Amino acid sequence: MFPPYSSVGDSIQIESEVDRRNPKVCRFTSSRTLHVGTKTFNTTDEADVLPLAATLMRLPAVEKIQLIGHLLVVTKNEDCEWRDLGNEIESVLTSYLISGEALSSDDVQEQMMLIGRSTREKVQYLIDTQINPGVAEHGGSVQVVDVKDDSVYLRLHGGCQGCGAADFTLKQGIETIVKRAVPEIQQVVDLTNHRAGMNPYYRRSDSAQETVN
């Protein structure tokens, strides 16, 4: 219905089609995966867990959206024509697909592996396959202590315990990986007693005193 969008190299293509049985519904098909699995959003609050869904649900004419793999299904209200709204939705999709928020092929493969797992199982899988292999190279490891509501509680061991870069590892590494793959998680809490670590950075004053002596 709308002219299909193509980026340089045809890496992004979006096609649309209005449902013949229900003219309030239009399907937008992307050349890239928008969401792994099926997810329906009826309110802006529900959509806040995904950037793309949040942006689309804030459009005044949009009543409901559904994400199914490469497919976006939009239900509109009666106040807007598809030609105007469709172009706006395609613009949102295009911006999302060229941004850093869009799913990469690795993200899609990773999320496929998480389907059917509980939240704790998802977090444990990410720790085992993506996080611990990296921190093990620095003599450390990460343990999942608990998962409650929207929070994950972790404990760092070995070289990570007391390391001066622990906060950076937690926030920029572990938290980023977990929240991206498991959007229901909103915070990652470090329960580590860093004073007892191999290189306890909370004891810098003691180390300085030892150097002076």
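Checking the cross-link filter: which lysines have an alpha carbon closer than 16 Å to that of Lys76, excluding same-chain neighbours under 8 positions apart?
Partners within reach: Lys24, Lys64.
Once the cut-off is 15 Å, how many percent of the Cα-Cα pairs in region 5-103 end up in the long-distance tail? Don't skip to the answer; put the middle values down first.
Details: 2810 of 4851 pairs.
Here the long-distance tail beyond 15 Å is 58 percent of all Cα pairs in region 5-103.
How large are Rg and Dmax for region 30-76 when calculated on the C-alpha trace, in angstrom?
9.8, 28
For region 5-103, what is the charge dipole size about the Cα centre, in debye to the nearest 20, if Lys and Arg each add +1 at the Cβ and Asp and Glu each add -1 at the Cβ? Don't skip to the answer; put the middle values down first.
Numbers: 10 positive and 15 negative charges, 59 e Å.
Its charge dipole is roughly 280 debye.
What aspartates and glutamates does Lys148 reach when the alpha-carbon gap must be under 13 Å and sequence neighbours fewer than 8 apart in one chain are set aside?
Glu121, Glu184
Which log10 I(q)/I(0) values does region 81-132 give at q = 0.17, 0.20, 0.24, 0.32 Å⁻¹ under the Debye formula, counting every alpha carbon as one identical point scatterer?
Scattering profile of region 81-132, log10 relative to I(0): -0.68, -0.77, -0.89, -1.12.
Just so you know, all these numbers are worked out from the coordinates, no wet-lab data involved. Bear in mind that the values here come from a model prediction, so they are computed numbers and not experimental data. Neighbour counts run over all protein chains shown; Cβ positions are idealised from the backbone, glycine included.
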